[in-house]
Amino acid sequence: MPKKIAFFTPSKSASNRVFLVISCLGLSLLSACANVIPPCNAKISPPSSELRNTKWELVRWNLAPNARGEVRSRQIPQGDSSNPIQMIFDANGERLSGSTGCNRFTARITEDARGFTLDQIASTKMACAPQRMELENDFLYELNDYRTIVRNGDQLLMIGADREVLSFIQKNNPTK
């Protein structure tokens, strides 16, 4: 005599309860994550004291991932007279200055509980090659609109609101 196999077929109300429980768990996890992820306008950085009297050179610029999730890099040509994009944090922790490879820039550093923010960004206005001017404008935009700065030893990452990541390496600062 063949054996009968019984399959459990949940009732519609049982499957609705399972769906409801799974949905609630998913929403709980998303809510918990939302508390960890900073709001869109929040800026997070290390304390400015960690960066005082340091000099950084831009070595890589990753663009936001494309529709397939691929990360692309932006070419960073050396500036006029082979000047790279550089940033220097002053010894007092009050100013950031540097070069875009063509023009000089400066910004005020303001400290709060989330680290520091940059404001009052200003630059000189010398004419450069069109490709360099585009890179300079984009760099100054990222400097103004970053969301996170992360320091890992001699590497500094600036992550923009647009998900672009600028990678800097630490250079010897001659003003030490």
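Quick notes on this structure:
- Packing-based exposure ordering (other Cβ within 10 Å, fewest first) of TYR141, TYR146: TYR141, TYR146
- Amide H partners (placed H, <5 Å) of GLY98, local residues excluded: ILE88, PHE105
- Neighbour net charge for GLU57 - beta-carbon separation under 12 angstrom, K R +1, D E -1: +2
- Calculated P(r) tail over 25 Å for the range 48-171, as whole % of Cα pairs: 20 percent
- Peptide ranges 99-107, 155-163 listed from the most packed, as the mean C-beta count within 10 angstrom indicates: 99-107, 155-163
- Residue-wise HN-Hα coupling along the range 118-127, computed from phi with Karplus coefficients 6.51, -1.76, 1.60 (Hz; x: Gly, Pro): 10, 8, 6, 6, 9, 9, 6, 10, 6, 6
- Summing Cβ point charges (Lys, Arg +1; Asp, Glu -1) relative to the Cα centre of the range 48-171 gives a dipole of roughly 200 debye.
Read-outs: derived from the displayed coordinates by stated rules, not from any lab. On a predicted model such as this, the values are computed, not experimentally measured, just so you know. Cβ atoms come from the backbone with ideal geometry, glycine included; neighbour counts cover every protein chain shown.
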